[in-house]
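A short write-up of the structure that comes next.
Since every read-out is calculated from the coordinates, none of them should be taken as a lab result. Keep in mind it's a predicted model, so treat the numbers as computed, not measured. Neighbour counts run over all protein chains shown; Cβ positions are idealised from the backbone, glycine included.
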Amino acid sequence: MKRDLPLAYPGMKIGLFGGSFDPAHEGHAHVAETALKRLGLDRVWWLVSPQNPLKPKSSPIAGRITSAERHAHGRNMIVTDLEQRLGCAFTYQTLRALKRRYPGVSFTLIMGADNLANFRKWRNWREVANAVPVVIVSRPGARIAHRLGAPRQWTHLNARLHWESSTAIRSDKRAALAKPKRK
């Protein structure tokens, strides 16, 4: 096993919550905590992606890890850059690597429902859909995403909607920086 990877033992149930987390926010925490509690998971690993291939250039990973650590509440939430450590650029690669490195561990992929809209753009999305159970937690935009369709074997967790989003946070920061300073 590679050094500095999260610990997991046969029989454990680990939720994999991947993303850019650029920046992380309470909406992310809501999705992770909902899955942890409702599925009876032992841990949720926040997989901070080196670079989401479907998004523009991310901020440096160190800052995104720090951001995720601020929002990953409790000892059962583990923030990790294991995709970077394992050299995985795509989710299907991550799932293959984790299954090899952690035999006997039960992995579940966790995502907010807002991610369903782009799921079929993921590299080898069919492999991802069939590799592990997938749990989708309600997020704003979920009605649109559900109309796109998702495999029946996936679990949908209805939960209160949390409206915070990384896109809005980045947009607010840019607007604040562009605003002229008063004298």
* Taking Rh as the Kirkwood radius, which is the inverse of the mean 1/r over Cα pairs, what is the Rg/Rh value for the range 5-75? -> 0.98
* Asked: In what order do PHE17, PHE107, PHE90 fall by count of nearby beta-carbon atoms within 10 Å, going from fewest to most?
  -> PHE90, PHE107, PHE17
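Order by neighbour count: ILE110, ILE14, ILE61, ILE136, fewest other Cβ atoms within 10 Å first, most last.
Final ranking by Cβ density, sparse to dense: ILE61, ILE14, ILE136, ILE110.
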* Asked: Tell me, what HN-Hα J-couplings in whole Hz come from the Karplus equation 6.51 cos²θ - 1.76 cosθ + 1.60 at θ = phi - 60° for each residue of the range 98-108, using x for Gly and Pro?
  -> 5, 5, 5, 7, 10, x, x, 8, 9, 9, 10
* **Footprinting exposure proxy for ARG101, ARG64 (fewest neighbouring C-beta atoms within 10 Å first)** => ARG101, ARG64
